[in-house]
Amino acid sequence: MTDFPVPGTGTPVVVAAAPAAGPGFWAGAPSAALDDDGTYVLAYRVRNGHDGLDQTVVARSPDGETFTTVAVLDGRRFGANWMERPALVKVAPDRWRMWVCMGSPVDDPASKRWWIESLEAADPAGFADAPAQPGFPGDDLNAVKDPFIRLVDGRYHAWICCHLLDLPGEEDRMNTAYATSDDGLAWQWHGTVLEGRTGEWDARGARVTTVLPDGRAAYDGRASAAENWFERSGIAAPDGSGLAAVPGTPVTDVRYLEAVPLPGGGYRIYYEARLPDESHELRTELVRP
């Protein structure tokens, strides 16, 4: 597992600074993809304080480090106060899809509900006003958020973070479920594929954040409810029909690790890093083969 592209392998570069100082001011939760012309397209969440309104930002870069914003989506557009990690996929030469993640309905701000909707556009800039379609609605027992989605040989594969809502006050508990689709609209669920381990650093839950072409994955976890927003990142590998944490592999103090395979080998990774004042910034590293 030493070849897994973990943070610290390359030289960190700040892609997006924290929007302000202090807890709840976060830039991160990235999803990235390469366009056919070799440019990078990046979507990420900006949280403007725990009592502020969230945004999803879409940006483009020639080198993967210096980005120009092409679209900004406000949570209120979807009837939500909060937004979290989007999932960005190029599905055809002239077609992109993005799944956006929302929580805390404007008309019911005390709700623990999270849900996911999808947008489609010819170019990422078109997400700014693209109509929303149903994605993953969630239900009374599961808040769904933070999708990671890949399109492989015409079939969509989704890893969805599910927060368990059956116990009031314990809604931070999470696991990852897996779903597939032929069209990216109607999904078939295949159950939980990764969850926390009793007595370990990920005991409170596990959220898949990226899956490499060989099936290995990075995931976020935490040991307790007190560590909500202080997750760390570990490595999992295929194990039967699901994933299992790999003992002895690095556990890194970052969230939402994303890894983009590069045509010449290696990866460009993106992740959310916590600063001493508890604000978060979005960083990237080039991990060479």
Response to the item:
Per the filter on region 206-223, residues out of contact with any Lys or Arg (no Cβ under 7 Å at 6 or more places or on another chain) and touching a residue at least 12 places away in the same chain (Cβ under 8 Å) are 206, 207, 208, 209, 210, 212, 213, 215, 216, 217, 218
Practice prompt. Within region 229-244, count every residue that is surrounded by fewer than 22 Cβ atoms within 10 Å (Cβ to Cβ) and either assigned to a strand (DSSP E or B) or of a type in the set (Lys, Arg) (or both).
Written response: 6
Discussion item. Name the residue that is surrounded by the most Cβ atoms within 10 Å (Cβ to Cβ), counting only residues in region 120-173 that are among the small types (Gly, Ala, Ser) and out of contact with any strand residue (DSSP E or B) (no Cβ under 7 Å at 6 or more places or on another chain).
Written reply: 126
Worksheet item: Is one or more of the residues making up region 207-220 of a type outside the set (Asp, Glu), buried (at least 16 other Cβ atoms within 10 Å of the Cβ), part of a loop (DSSP other than H, G, I, E, B) and over 18 Å from the mean Cα position of the chain (by Cα)?
Response: no
Practice prompt. Test residue 203 against the criterion of being without any contact (Cβ under 8 Å) to a residue 40 or more places away in the chain and out of contact with any strand residue (DSSP E or B) (no Cβ under 7 Å at 6 or more places or on another chain), and give yes or no.
Written response: yes
Discussion item. Which residue is farthest from residue 147 (Cα to Cα), if the candidates are limited to region 43-57 and must be out of contact with any Gly (no Cβ under 7 Å at 6 or more places or on another chain) and small (Gly, Ala, Ser)?
Written reply: 52
Fill in: strands (runs of 3 or more DSSP E) within region 1-48 that include 2 or more residues closer than 16 Å to residue 74 by Cα
25-34, 40-48
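Rundown of residues vs (1) surrounded by 22 or more Cβ atoms within 10 Å (Cβ to Cβ); (2) among the acidic types (Asp, Glu), yes/no style:
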{"residue": "3", "(1), (2)": "no, yes"}
{"residue": "6", "(1), (2)": "yes, no"}
{"residue": "11", "(1), (2)": "no, no"}
{"residue": "16", "(1), (2)": "yes, no"}
{"residue": "22", "(1), (2)": "no, no"}
{"residue": "26", "(1), (2)": "yes, no"}
{"residue": "31", "(1), (2)": "yes, no"}
{"residue": "34", "(1), (2)": "no, no"}
Discussion item. Here are the criteria: (1) touching a Gly at 6+ places or on another chain (Cβ under 7 Å); (2) at pLDDT below 95; (3) closer than 25 Å to residue 271 by Cβ. Tell me which single one residue 105 does not satisfy.
Written reply: (3)
Worksheet entry | Condition broken by residue 226, with the remaining ones in (1) more than 22 Å from residue 31 (Cβ to Cβ); (2) in contact (Cβ under 8 Å) with a residue 12 or more places away in the chain; (3) outside any loop (DSSP other than H, G, I, E, B) satisfied | (2)
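The values are calculated or read from the model by the stated rules, or taken from the named source; none is laboratory data. Just so we're clear, the structure is a prediction, and the values are computed from it rather than from any experiment. Cβ coordinates were reconstructed from backbone atoms using ideal geometry, including for glycine residues, and neighbour counts include every protein chain displayed.
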